[in-house]
Amino acid sequence: MLPLLLLLLSLLCSISTTLNAQSTTTINVWPKPTNLTWTPPHQTTLLSPTFTIITTTSHQNNHLTAAINRYTNLIKTEHHRPLIPPTKNLSNNLPPLQLLTVTVTELNAELTHGTDESYTLTVTSPNATLTAVTAFGVIRGLETFSQLAWGNPTRVAVDVRVTDAPLYGHRGIMLDTSRNYYPVKDLLRTIEAMSMNKLNVFHWHITDSHSFPLVVTSEPLLAERGAYDVNMVYTVDDVKRIVDFGLDRGVRVLPEIDSPGHTGSWALAYPDIVTCANMFWWPAERDWPDRLASEPGTGHLNPLNPKTYQVLKNVIRDVTTMFPEQFYHSGVDEVIPGCWKTDPTIQKFLSNGGTLNQVLETFINKTLPYIVSLNRTVVYWEDVLFDDTVHVPPTLLPKEHVILQTWNNGHNNTKRIVSNGYRAIVSSSEFYYLDCGHGDFTGNNSVYDNQTGYDANNGGSWCGPFKTWQTIYNYDIAYGLTEDEAKLVLGGEVSLWSEQADETVLDSRIWPRTSAMAESLWSGNRDEKGMKRYAEATDRLNEWRSRMVNRGIGAEPIQPLWCIRNPGMCNTVHAI
């Protein structure tokens with residue numbers, strides 16, 4: 001009976017949305033603010049040619065100065081043309097909007113996890129005000145203000161008040177730049193789009209088995225020999241540019257140097273510290289549990305070789321110098337027993353009664369304290385604790401220094417992490433993996449030789465099907481958690497693994513699906529009555545995608561233009 005009632009409620013919601021779509025007066029702001037009111041009669045006024053943004057006090061905050069300059073130029077020059085202009089009254093009696101006055105109470109606050117991003121925006125004529133605790137709250141408020149402006153000449157909605165703050169402090173994108181390389185300009189554009197969507201963490205999975213593109217000053221051979229090409233590297237200057245660009249836009253850059261697995265590229269510089277490097281990933285004579293890697297590209301650092309830590313600690317030290325971010329992601333996912341078992345030293349250790357868990361414990365004990373000594377909180381993939389075969393006990397992972405990132409088993413693993421008292425970052429592959437549904441990249445996969453049209457493997461993708469924006473939008477990352485457990489969920493990240501992605505498809509793989517996560521983590525995916533608002537969000541996401549495209553972001557469409565011009569006609573009143 002309950003499922004039937006839920007279905008009826010959903011259909012009633014759809015009917016209501018269909019009938020009222022053309023009569024609703026809205027301003028399209030993405031992500032939807034916590035609270036926005038546009039007082040009737042819903043007036044707009046022109047933007048003055050001399051419009052300026054000023055602060056109430058002098059300051060030396062470079063991030064704030066950069067944001068004010070950037071948004072002043074954007075607001076004056078964007079001239080966005082909405083797909084469906086909001087219902088409004090252009091007043092001839094109101095003076096043009098001349099000034100936006102910004103007040104910041106903590107001008108010296110730095111961007112870390114937990115930095116206050118709240119703001120209050122009031123738009124009247126001829127002056128508007130924006131108040132925030134930190135410069136990063138100002139950046140969020142300026143983005144909202146920019147979306148209240150449209151047209152040529154530019155007009156701005158007036159008698160608008162916004163009070164806004166995020167639900168979650170960690171809202172990010174993980175991008176893998178090892179399997180395929182992305183030029184710096186494409187990373188910068190991604191960070192720019194993140195700021196537009198009020199996302200605040202660029203999780204940079206820099207290295208993996210396939211290539212080592214990061215130039216590490218104390219270990220230059222890693223990139224010299226491990227990068228795909230001399231031009232496919234990220235130099236110290238590149239990293240500084242990316243980090244500074246991010247901070248100017250309220251985006252932290254969180255580095256991940258995955259280890260001890262996913263390190264085959266290190267063997268090109270140091271073959272003696274890497275086990276099973278350059279071996280075929282799944283030999284014909286082996287069953288899946290005895291494979292050497294979970295995909296082509298083998299290689300694990302050897303925890304029993306002292307030289308491993310000489311090299312690795314140099315890398316860790318230099319990375320923490322290049323990246324001011326308080327979190328350091330150390331990986332520790334997909335440690336494959338078969339790879340370590342190819343090494344004679346590890347074989348001897350096992351024959352003397354040792355275990356693979358103890359091998360991993362050695363690695364954690366040698367690296368975790370060192371990372372913590374550099375004043376960093378360590379992020380690991382959940383495998384370090386939950387892998388079925390190779391894992392360590394929680395006693396080795398102090399909760400005050402360790403955060404776990406989940407990617408398997410959806411809500412269940414999130415529950416496991418927080419019920420064990422750990423902070424969690426949610427990247428469930430069932431909902432947040434953007435690469436899923438694009439097939440498999442092995443070159444002779446017989447699953448595609450199929451004349452029936454039936455695809456039992458979701459296009460050959462291990463995590464298929466494709467994750468639609470609706471799937472992402474409707475995911476509740478704290479589902480099934482107690483109130484105390486939910487407090488340990490820092491937020492979430494979508495992930496783009498790059499086996500089949502590079503700069504040519506970057507924008508369309510990420511946007512606007514990631515915009516869906518951005519809103520659900522900023523203000524939620526439910527309306528004031530507690531109902532999921534995906535139907536209402538569709539119209540706003542169409543508009544937002546259009547504005548992103550006009551800003552130079554190659555976001556893919558979510559509907560035909562016909563749907564947008566005929567509001568409500570592409571909804572359904574039946575369950576599909």
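The values are calculated or read from the model by the stated rules, or taken from the named source; none is laboratory data. Because the structure is predicted, anything quoted here is derived from the model rather than measured. So basically every Cβ, Gly included, is an ideal-geometry build from the backbone, and we count neighbours across all protein chains shown. The area values use the complete protein model at the heavy-atom level, side chains included, leaving out ligands, DNA and RNA. Shrake-Rupley method; radii C 1.70, N 1.55, O 1.52, S 1.80 Å.
For the criterion of being part of a loop (DSSP other than H, G, I, E, B), open to solvent by less than 10 Å² (accessible area, probe 1.4 Å) and closer than 26 Å to Ile477 by Cα, Val392 passes.
Please verify whether the stretch 337-356 includes one or more residues that are under 31 Å from the mean Cα position of the chain (by Cα) and in contact (Cβ under 8 Å) with a residue 40 or more places away in the chain.
Yes, the stretch 337-356 has at least one match.
Comparison of Gly338, Gly354 shows that the only residue that is part of a loop (DSSP other than H, G, I, E, B) and either at pLDDT below 95 or not polar (S, T, N, Q) (or both) is Gly354.
Which of the residues that make up the stretch 28-44 are open to solvent by less than 30 Å² (accessible area, probe 1.4 Å) and of a type outside the set (Val, Ile, Thr)? The answer is Trp30, Pro31, Pro33, Trp38.
Scanning the stretch 495-548 for residues that are open to solvent by 20 Å² or more (accessible area, probe 1.4 Å), over 23 Å from Ile564 (Cα atoms) and touching a strand residue (DSSP E or B) at 6+ places or on another chain (Cβ under 7 Å) gives a single hit, Trp497. Being of a type in the set (Gly, Ala, Ser), part of a loop (DSSP other than H, G, I, E, B) and either surrounded by 15 or more Cβ atoms within 10 Å (Cβ to Cβ) or modelled with pLDDT under 95 (or both) is a description that does not apply to Gly421. Inside the stretch 240-269, can you point out the residues that are without any contact (Cβ under 8 Å) to a residue 40 or more places away in the chain and over 19 Å from His203 (Cβ atoms)? Ala267, the sole residue that qualifies.
For the stretch 431-438, indicate whether the set of residues that are closer than 29 Å to Phe280 by Cβ and assigned to a helix (DSSP H, G or I) is non-empty.
Looking through the stretch 431-438, none of the residues is closer than 29 Å to Phe280 by Cβ and assigned to a helix (DSSP H, G or I).
If you go through the stretch 77-112 and keep only what is under 30 Å from His59 (Cα atoms) and in contact with a Lys or Arg (Cβ under 8 Å, 6 or more places away or on another chain), you end up with Glu78, Leu111, Thr112. Would you point out the residue of the stretch 335-354, among those that are of a type outside the set (Phe, Trp, Tyr) and farther than 15 Å from Val274 by Cα, that is most open to solvent (accessible area, probe 1.4 Å)? Per the criteria, the residue is Lys348. If you go through the stretch 134-166 and keep only what is outside any strand (DSSP E or B), closer than 24 Å to Asn200 by Cβ and over 24 Å from the mean Cα position of the chain (by Cα), you end up with just Leu148. May I ask you to list the residues in the stretch 283-303 that are part of a loop (DSSP other than H, G, I, E, B), buried (at least 18 other Cβ atoms within 10 Å of the Cβ) and touching a helix residue (DSSP H, G or I) at 6+ places or on another chain (Cβ under 8 Å)? Within the stretch 283-303, Arg291, Leu292, Ala293, Gly297, Thr298, Gly299, Asn302, Pro303 qualify. As a summary of the residue check, Asn93 satisfies the conditions (1) open to solvent by 70 Å² or more (accessible area, probe 1.4 Å); (2) of a type outside the set (Val, Ile, Thr); (3) modelled with pLDDT of 95 or more except for the one numbered (3). Would you check if Arg179 is open to solvent by 10 Å² or more (accessible area, probe 1.4 Å), more than 19 Å from Asn550 (Cβ to Cβ) and either among the acidic types (Asp, Glu) or assigned to a loop (DSSP other than H, G, I, E, B) (or both)? Criteria met by Arg179. Counted as qualifying within the stretch 465-576 are the helices (runs of 4 or more DSSP H) with 2 or more residues that are within 23 Å of Thr163 (Cα to Cα), touching a residue at least 12 places away in the same chain (Cβ under 8 Å) and in contact with a helix residue (DSSP H, G or I) (Cβ under 7 Å, 6 or more places away or on another chain), namely 513-522, 534-550. No other residue among Leu47, Leu121, Leu64 is surrounded by 16 or more Cβ atoms within 10 Å (Cβ to Cβ), of a type outside the set (S, T, N, Q), at pLDDT 95 or above and part of a helix (DSSP H, G or I) apart from Leu64. The residues of the stretch 195-239 that are open to solvent by 40 Å² or more (accessible area, probe 1.4 Å), without any contact (Cβ under 8 Å) to a residue 12 or more places away in the chain and either assigned to a helix (DSSP H, G or I) or of a type in the set (Val, Ile, Thr) (or both), listed by number, are Val230, Asp237.
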